[in-house]
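Novice: Pasting a structure below so you can have a look.
The values are calculated or read from the model by the stated rules, or taken from the named source; none is laboratory data. Here the structure is a predicted model, which is why all the values come from computation and not from measurement. Backbone-built Cβ (ideal geometry, glycine too); neighbour counts: all protein chains shown.
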Ligand code: FES
């Protein structure tokens, strides 16, 4: 079952969803959608409140950047990656695979 519709996602404007007990940060860039764990690996901040540039999201609290495609921590103070979830797009239906 789809989690949401593609055309409801604003470009480069991440949203937080809850699924199967997990908080997930979902971001649309072009016609691609990326899903990573919403909680920053540095401390307890919601990544979906961060800023997007290229394929990176910047944590609003201390500025660590993460790659939306791989979850890798790109800059300090974060040193650990965040989990990445596969996304299935079928027409206008978007599903995050847990
Ligand atoms: S909580 Fe995200 S960088 Fe510190």
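Novice: Pick out the one residue from 41, 46, 12 that is modelled with pLDDT under 95, more than 14 Å from residue 94 (Cβ to Cβ) and in contact with a strand residue (DSSP E or B) (Cβ under 8 Å, 6 or more places away or on another chain).
Specialist: 12
Novice: Within segment 1-30, track down each residue that is crowded, with 20+ Cβ neighbours inside 10 Å and in a loop (DSSP other than H, G, I, E, B).
Specialist: Correct list: 14 only.
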